[in-house]
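Here is the structure we will look at.
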Amino acid sequence: MTQDNKSINSHIEEYLDYYCKLSHAPGFAVLLKGQWGCGKTWFIEKYRDKLKAKKQKCLYVSLNGITSFTEIGEAFLQQLNPFWASKEMAIVRKVSGGLFKGLLKGTLKIDLNNDGKDDGTWSFGIPDINVPEYLKITNETILIFDDLERCKIDISNLLGYINNFVEHDDLKVIIVANEDELLKPDINNSRSDNSSKDNSSTSYKVIKEKLIGKTFAVSLDFEGALESFIAIVENSCASQFLSNNIELIEILYQKANYENLRCLRQIILDFDRIYEVLPEKATSKPEILQDILKVLMAFSIEIKRGNMLATDISKLENGYTSEAMQRKMALKRQALSSVTNENNEEETKLKKIISTYPELGLYEPFLGKVWWQTFFDKGILNTRELETSLLNSKYFQDENTPNWIRLWHFSYLFDDEFDNLLKKVESEYTNRQFIELGIIKHITGLFLMFSDIEVYHKSKEEILEESKLYINYLKDDKKLDIPDNRYVSADDIIGSAYAGLGYQGKEFEEFKEFCSYIEEVQDLAKVESMPGDAQDLLAIMQNDTRKFYGMICISNSPEQIYCDTPILNYIEPSVFVEKLLEMEFEDRRRVGWALTERYQFDDINKQLLEELDWLQSVRDLLLKEADTRKGKISGYCLKQLNEHYLNKAIEKFEKKTQG
């Protein structure tokens, strides 16, 4: 709004009022120009509402993607009569082709051979094609053509078509366009017709002088547009919050130096969607809502303007690195300069985004990178992760909050608070009070960072060694979590966060080495647990063959934990056959089918090749048992089981080993 409480585009609105009220034909059109996203369409839509309130007949068409004048005519006709937009009329239009092409002119022009030329004219008096008065366009009708630059019709022909309404039909016409695009020399390259113009921008300039009488540049009416967007928010509490924070939104938009109202509208709608799933304890804190809104705006703007992808959110890193770290990274880049130029450009772009919004700390945004990346990349509102992030945020810290979480928010601590918390967390860590690997990684990362900035007395090497000893302790005490692929969280996919908090110090080589060590020990623990797990699997086979199938084969089952692990090697073949023979025929068949499916893919995991000897032993034992039952139906069934399932699986194996 301007100082006198008028819209920044009020002068345009005042002129359009004058133009539309003229009792005579002005003989020219009005052009409203402006960059994409500046609010031209929003402005003209608001003005159309004003005309409708005055019962002024107004017809609007967006020329975006239009390829023929027939499409323009149909767009107008659908507004003149709702029946024209009905499903029944759509069928009529398909059958009749260009039959209704000339209706806007008060006559019915007929294109019988669909060559784009009129083959005759029928009067309105023909039976069954009587046109009521309200379908006719009079000189009181206002025609509005939006998105002129996006039309696929040759610009000269298009402006000539519009000029006919102005010059010959005495109509008032408003044109909305991004004129900069029309003035580009290569504008004709985007059009689909076969006409060739050496310079369509010159043609536009020539015809514009004849057609356009007044030109206005539409300015970004940020506040007016924002208020209208907020008005459509369904949640009244969310709407009230946004209304109370208009200034905050405008400041951040100015900081981003971005003028696109489409993006602003999407931000408002996304905030409304997020607000709906927030717990009451969060919606009652305006500072939480402000933090969410600011991060939402920053990511939305930078993704919309093409500075980053949604998947780049997990790549945003803190600008902090020690001098030693910077030297190492510089040497590494120099050694790999031929392959890292593109990565360096991306890194520079992401650093620029972080520096644009320094107060937001986008390298570790409120609610966490994991949550925001999932939201923007997949459109998913992960309420579980959201709840966790909120509970672990700075806004819900109290005496019951774990010490390591309070330490993670170290920037909000006084020196004495920090020193006391660091000692407490170090003591808890030394006494092995944690078993969650995510927490241990958090504490290790914090120690590494504190060591690097010289607020912790231990070196990075000492911290790494102690962290490895911690993992060894968990393994020896049978407390080490061994992932079985039953559930992979978003945190695990991105590998940079736990409990809604990003790992501090993850840029250090010591942290990366620690994470690799965890995986090595997990693999070792998994191997050591195989004999016991194999016996459990054997019991499952006897009681639930469907579950057995799901556990050893690639499938949609969340329990496919052994699909690429040679666990069958840990089952004694004779015991396997013994248990198999105790089962019903149908269950035996399912087990045989599971074994065949387990090895069906040509690119089977090389580790599964270790099961070939086991499989051959099982087959030989079954054949031996079948021979002892020769002459009995059970012997025949065992041979069939071998032939249809085990032999096929072994053949697949042998082809793989020979290849």
Note: among GLN607, GLN560, GLN535, just one is touching a helix residue (DSSP H, G or I) at 6+ places or on another chain (Cβ under 7 Å), polar (S, T, N, Q) and not assigned by TED's automatic domain parsing to the domain that holds ILE471, namely GLN560
All conditions in (1) at pLDDT 90 or above; (2) of a type outside the set (Asp, Glu); (3) surrounded by fewer than 19 Cβ atoms within 10 Å (Cβ to Cβ); (4) farther than 30 Å from LYS6 by Cα are true of LYS184 except (1)
**Prompt:** Does LEU269 satisfy being crowded, with 19+ Cβ neighbours inside 10 Å and among the hydrophobic types (A, V, I, L, M, F, W, C)?
**Reply:** no
- Does the range 378-387 contain any residue that is surrounded by 15 or more Cβ atoms within 10 Å (Cβ to Cβ), within 18 Å of ALA310 (Cβ to Cβ) and touching a strand residue (DSSP E or B) at 6+ places or on another chain (Cβ under 7 Å)? no
By residue number, the members of the range 270-291 that are part of a helix (DSSP H, G or I) and under 14 Å from ASN235 (Cβ atoms) are ASP270, PHE271, ASP272, ARG273, ILE274, TYR275, GLU276, VAL277, GLU280, ALA282, THR283, LEU289
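Okay, residues lined up against (1) of a type in the set (Lys, Arg); (2) modelled with pLDDT under 90; (3) on the phi > 0 side of the Ramachandran plot; (4) not in a helix (DSSP H, G or I):
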site: VAL577; (1), (2), (3), (4): no, no, no, no
site: ASP587; (1), (2), (3), (4): no, no, no, no
site: THR596; (1), (2), (3), (4): no, yes, no, no
site: GLU610; (1), (2), (3), (4): no, yes, no, no
site: SER617; (1), (2), (3), (4): no, no, no, no
site: LYS624; (1), (2), (3), (4): yes, no, no, no
site: HIS644; (1), (2), (3), (4): no, yes, no, no
site: LYS652; (1), (2), (3), (4): yes, yes, no, no
Exercise for review: Could you check, for the range 554-564, whether at least one of its residues is under 19 Å from ILE482 (Cβ atoms) and not in a loop (DSSP other than H, G, I, E, B)?
Suggested key: no
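Here is a yes/no grid of residues against (1) modelled with pLDDT under 90; (2) surrounded by 15 or more Cβ atoms within 10 Å (Cβ to Cβ); (3) of a type in the set (A, V, I, L, M):
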| residue | (1), (2), (3) |
| --- | --- |
| GLY37 | yes, yes, no |
| THR41 | yes, yes, no |
| ARG48 | no, yes, no |
| ILE66 | no, yes, yes |
| GLU74 | yes, yes, no |
| ILE91 | yes, no, yes |
| GLY97 | yes, no, no |
Within the range 292-318, of all residues that are over 16 Å from GLU259 (Cβ atoms) and among the polar types (S, T, N, Q), the one modelled with the highest pLDDT is THR311
Picking from GLU259, GLU234, the residue that is outside the structural domain of LEU32 (by TED's automatic domain parsing), part of a loop (DSSP other than H, G, I, E, B) and under 18 Å from ALA177 (Cβ atoms) would be GLU259
In the range 363-392, anything in a loop (DSSP other than H, G, I, E, B) and under 18 Å from PHE271 (Cβ atoms) is listed as PRO365, PHE366, LEU367, GLY368, GLY379, ILE380, LEU381, ASN382
For the range 204-260 the number of residues that are under 30 Å from PRO26 (Cα atoms), aliphatic (A, V, I, L, M) and either surrounded by 15 or more Cβ atoms within 10 Å (Cβ to Cβ) or modelled with pLDDT under 90 (or both) is 6
Exercise for the section: Tell me, yes or no, whether the range 624-635 has at least one residue that is aliphatic (A, V, I, L, M), over 20 Å from PRO531 (Cβ atoms) and surrounded by fewer than 18 Cβ atoms within 10 Å (Cβ to Cβ). Expected result: yes
Within the range 522-551, restricting to residues that are modelled with pLDDT of 90 or more and among the β-branched types (Val, Ile, Thr), the one that is surrounded by the fewest Cβ atoms within 10 Å (Cβ to Cβ) is ILE540
Residues of the range 40-84 being in contact (Cβ under 8 Å) with a residue 12 or more places away in the chain and assigned to a loop (DSSP other than H, G, I, E, B), in sequence order, are GLN56, LYS57, LEU63, ASN64, GLY65, ILE66, THR67, SER68, ASN81
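The values are calculated or read from the model by the stated rules, or taken from the named source; none is laboratory data. As the structure is a prediction and not an experimental result, all values here were calculated from the model. We place every Cβ from the backbone using ideal geometry, glycine too, and count neighbours over all the protein chains shown.
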